[in-house]
1. Looking at segment 153-166 only, could you name the residues that are open to solvent by less than 20 Å² (accessible area, probe 1.4 Å) and either among the aromatic types (Phe, Trp, Tyr) or part of a helix (DSSP H, G or I) (or both)?
2. Could you count how many residues in segment 168-180 are within 14 Å of residue 264 (Cβ to Cβ) and either open to solvent by 10 Å² or more (accessible area, probe 1.4 Å) or touching a helix residue (DSSP H, G or I) at 6+ places or on another chain (Cβ under 6 Å) (or both)?
3. Out of 193, 183, I need the residue that is in contact with a helix residue (DSSP H, G or I) (Cβ under 9 Å, 6 or more places away or on another chain), surrounded by fewer than 16 Cβ atoms within 10 Å (Cβ to Cβ) and modelled with pLDDT of 95 or more. Which one?
4. List every residue pair whose Cβ atoms lie under 6 Å apart, where the two residues are 6 or more positions apart in sequence or sit on different chains, the first residue falls within segment 112-133 and is over 14 Å from residue 149 (Cα atoms) and open to solvent by 70 Å² or more (accessible area, probe 1.4 Å), and the second residue, located anywhere, is at pLDDT below 95 and among the aliphatic types (A, V, I, L, M).
5. Whether any residue in segment 118-132 is of a type in the set (Phe, Trp, Tyr) and out of contact with any Pro (no Cβ under 6 Å at 6 or more places or on another chain) is what I want to check.
6. Where in segment 1-100 are there helices (runs of 4 or more DSSP H), lying wholly inside it, with at least 1 residues that are in contact with a Leu (Cβ under 9 Å, 6 or more places away or on another chain) and under 23 Å from residue 127 (Cα atoms)?
7. From 210, 223, grab the single residue that is part of a helix (DSSP H, G or I) and either touching a residue at least 12 places away in the same chain (Cβ under 8 Å) or within 30 Å of residue 134 (Cβ to Cβ) (or both).
Amino acid sequence: MKLGIGLPNTLAYETDRQLMLDWARLADEAGFHVLGTIDKPNYDAWDPLVTLAGVAGVTERIRLATTILQLPPRNEVLVAKQAAVVDQLSGGRLDLGLAQGGREDDFEVFDAEFAGRGDKFERQVARVREIWRNARESDYDHGVVGPAPVQDPGPPIWVGALTPKGIERAARVGDAFIFGTAGSELMGQYAPGIRDAFAANGKPNATIAALAYVGIGDDPQKALDEATHQVLRYYGQLWTEPENLIHHGPADKIAEELAAYEEAVDILIVFPEIPRLEQVEQLAERVLPAYR
């Protein structure tokens, strides 16, 4: 399993330019596999693709991923163009994680239709790939809709889902799969079926990625309380107790808990929910060495 780390783009009230860029630089230098962003349009979060464009210039090797970007509320032509620019700025390091979205308020803020989003999602993914493909027809004298991404045929598209229909769709239209913060036990239950679905669609080596929330601190309760504030602010209400959703406490304890994900996923992206650079430092020093 490879270990990635999330950027604090949803911790916007306590995030600024310095923290965001230092966070990205440190993660890159430490050797994390990927930097992730989370999406919630009806919120004060920094835009996922704009954030990745910003950190592309201060990183050199780490991959950059939207984990995930809600596609149906957005214009897919604009997303294709923005993603290609991020891929250009990063030298071909983008993984474009997409999902259909499940919160009506995130559609309302874009004045987009919530109904029919599943079918629309499929059409949009096909259109994104078409734009990337056709963008390569640009030449010295004639420009087309683009630019073209560095990666050929384009950045890998990770698709997030959890319902049976969503997983079936992900296997058909995606290059890889991504879980939300479902926990290692549930991921372990779903992962074999997901791998089978991708294999049935001619993708036996498809990557499975996943997210996990963490709050690091020598005082487990204090770390949990700080992280819970951010997660509760984001969701409004939680569907389980915070201690079931957030890995919290000293870094060594978190390292032991993250090992439970190894059988289910290929990439685990941990999102610190405490907006301080020491969270990245602790993960880099105490957790990352086992996954380089």
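The values are calculated or read from the model by the stated rules, or taken from the named source; none is laboratory data. Here the structure is a predicted model, which means the values were calculated and not measured. Every residue, glycine among them, receives a Cβ derived from its backbone with ideal geometry; neighbour counts consider all protein chains shown. For the accessible areas, the whole protein counts, side chains as well, though only heavy atoms, and no ligand, DNA or RNA atoms are used. Shrake-Rupley method; radii C 1.70, N 1.55, O 1.52, S 1.80 Å.
1. 158, 166
2. Of the residues in that region, 3 qualify.
3. Just a single option satisfies the conditions, and that option is 193.
4. none
5. Checked segment 118-132: no residue is of a type in the set (Phe, Trp, Tyr) and out of contact with any Pro (no Cβ under 6 Å at 6 or more places or on another chain).
6. 48-56, 76-89
7. Of the residues listed, the single one that is part of a helix (DSSP H, G or I) and either touching a residue at least 12 places away in the same chain (Cβ under 8 Å) or within 30 Å of residue 134 (Cβ to Cβ) (or both) is 223.
Listed here are the residues, each with its yes/no results for (1) surrounded by fewer than 20 Cβ atoms within 10 Å (Cβ to Cβ); (2) at negative phi; (3) of a type in the set (Lys, Arg).
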site: 38; (1), (2), (3): no, yes, no
site: 51; (1), (2), (3): no, yes, no
site: 54; (1), (2), (3): yes, yes, no
site: 61; (1), (2), (3): yes, yes, yes
site: 65; (1), (2), (3): no, yes, no
site: 76; (1), (2), (3): no, yes, no
site: 79; (1), (2), (3): no, yes, no
